[in-house]
Amino acid sequence: MPSILKSLKLLSDPTRIRILLLLATESLNVAELQEILGMGQSRISTQLSQLRQEGLVTSSRSGKNNVYAIEAPEALMEVARQAAGEIPEVAADSQTLAHILRKRRDKTRAYFDELAGKFGKSYVPGRSWKSLAEAMLKILNYKVVADLGAGEGTLAQLLAPRAEKVIAVDNAPNMVEFGKKLAKEHGLSQLEYRLGDIEAPPIDDSSVDLAIFSQALHHAEHPQKALDSAYRILAPGGKLVVLDLLQHSFEQARELYYDTWLGFSEVEIYKMMENAGFQDIETTIVDKESEAPHFQTLLATATK
């Protein structure tokens, strides 16, 4: 039996309470606890070691990872749950844990991650991500599409031949004028450029079937407002697609590319989409640049 006095002393630390509450829901490894708690490996490992020494958690080997499970008596966990009311981070812990468990269950995602690792390692004539992407665009069929933060509208122009209408929104007048010129030159009458902000796009409510942010969200002053607006303009059943940078630490991006945010984590994007009201949310990392600073691309999709 664990020492009551020593166990109560361990519960005096909020981080150890958070760990116990998480493990009471699901067995986790250190990397998963890092993602949830937002702390370094050494700090979490120290806390786990103390809990394990007192017999409140156990560990077992699974592949390359040690997986930790709850062993604390229920009476002690009841004290921990009562104390959780004084720890504001506990609610966020539960949300992040739910996201991690969804990722675990996504066996299809793991399968495609494996395929992605093989793609491009051997040369096959005519096979490239660009050619595959353009082929996929050809078979997409949406009536009304909004390209939010469109820039000069390269993506909007690719989508236009397969849509009844594409609305490209950008807040730079020169970009909008240039895009209009290109659309006219290429005979894309269904492509319309509008000057506006992605946080309040000049598009009617529930009028769009597909809304896209392609490397635009990290330029928004308030990304949550942009996603809220995307929800507003989408018709019920409409799809949202976000392509953006995974969270990084390349501070120079603020000056070089006028980035407001240094990318987003999968958890951040998931929470913002959820807060906007979206359902069927999925996130994945689809690319990593080979050259420094090795930007990674995050893809997120959802349904209204």
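The values are calculated or read from the model by the stated rules, or taken from the named source; none is laboratory data. Since the structure is predicted, the reported quantities are computational estimates derived from the model, not experimental observations. Backbone-built Cβ (ideal geometry, glycine too); neighbour counts: all protein chains shown. Calculation scope for accessible area: heavy atoms of the full protein, side chains included, ligands and nucleic acids excluded. Shrake-Rupley method; radii C 1.70, N 1.55, O 1.52, S 1.80 Å.
Observations on the model:
- Top-ranked residue of segment 20-41 - restricted to ones that are assigned to a loop (DSSP other than H, G, I, E, B) and not acidic (D, E), ranked as nearest to the chain's Cα centre (by Cα): G38
- Filtered by the rule that a residue be under 14 Å from A211 (Cα atoms) and either surrounded by fewer than 19 Cβ atoms within 10 Å (Cβ to Cβ) or in contact with a His (Cβ under 8 Å, 6 or more places away or on another chain) (or both), segment 143-163 gives K143, G149.
- Residues located in segment 230-251, provided they are over 18 Å from the mean Cα position of the chain (by Cα) and in contact (Cβ under 8 Å) with a residue 60 or more places away in the chain: I233, L234, A235, P236, G237, G238
- Taking the criterion of being in a strand (DSSP E or B), closer than 15 Å to G238 by Cβ and open to solvent by less than 30 Å² (accessible area, probe 1.4 Å), the only residue of segment 276-288 that qualifies is I281.
- Restricting segment 216-261 to residues that are among the basic types (K, R) and crowded, with 17+ Cβ neighbours inside 10 Å, the residue that is nearest to T154 (Cα to Cα): K239
- Among residues of segment 177-214, those that are without any contact (Cβ under 8 Å) to a residue 40 or more places away in the chain and open to solvent by 40 Å² or more (accessible area, probe 1.4 Å), counted: 19
- The residue of segment 289-304 that is least open to solvent (accessible area, probe 1.4 Å), among those that are within 15 Å of the chain's Cα centre (by Cα) and of a type outside the set (G, A, S), is L298.
- Matching residues, segment 262-275, being of a type in the set (S, T, Y) and either buried (at least 18 other Cβ atoms within 10 Å of the Cβ) or modelled with pLDDT of 95 or more (or both): Y270
- Flag set for N66, criterion: modelled with pLDDT of 75 or more, out of contact with any His (no Cβ under 7 Å at 6 or more places or on another chain) and either open to solvent by 50 Å² or more (accessible area, probe 1.4 Å) or within 20 Å of I285 (Cα to Cα) (or both).
- Scope segment 3-21; condition open to solvent by less than 20 Å² (accessible area, probe 1.4 Å) and of a type in the set (S, T, N, Q); matching residues: S7, T15
- Qualifying residue in segment 45-61 (condition: surrounded by fewer than 12 Cβ atoms within 10 Å (Cβ to Cβ), in a loop (DSSP other than H, G, I, E, B) and under 31 Å from the mean Cα position of the chain (by Cα)): no
- Qualifying residue in segment 68-87 (condition: under 31 Å from the mean Cα position of the chain (by Cα), in a helix (DSSP H, G or I) and among the basic types (K, R)): yes
- Any hit, segment 252-267, residues being under 19 Å from V145 (Cα atoms), touching a residue at least 24 places away in the same chain (Cβ under 8 Å) and out of contact with any Gly (no Cβ under 6 Å at 6 or more places or on another chain): no
- For segment 180-215, a tally of residues being over 23 Å from T301 (Cα atoms) and either of a type in the set (S, T, Y) or under 22 Å from the mean Cα position of the chain (by Cα) (or both) returns 2.
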